[in-house]
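*Asks:* Can you keep this structure in mind? I'll have questions shortly.
Every number here is computed from the coordinates shown, using simple stated rules; none is lab data. Please read these numbers as outputs of a predicted model, since none were measured by experiment.
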Amino acid sequence: MSSQRREVRRILGELMATRGMMPLLMKARNGGQWTPDEKEALLDHLRRMAHLSPYLLFLLLPGSMLLLPIYAWWLDRRRQQRQD
């Protein structure tokens, strides 16, 4: 349970750190230009999002609720010790 809580806190912290990303992205769409500092901030936000756990991708895919039991089985299977 403690590892789950730690992971949830880490993911929420990363997501909260990317809160300012949407206004920066919309600035170019609304006709503005990014300053070098804003470009660096956007890259920082993208790096943060890239470091999020890959399993979050499955929650964003269409039909992910159907894939969730299969993914849970696969994750559980990976924890088993190999017999080499």
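*Asks:* Averaged over all directions, how much area does the convex hull of the C-alpha atoms of the range 1-58 cover when projected, in nm²?
*Replies:* 4.6
*Asks:* Multiply the residue separation of M16 and H51 by 0.36 nm, subtract the distance between their alpha-carbon atoms, and state the gained length in nm to one decimal.
*Replies:* So the extension gain works out to 11.2 nm.
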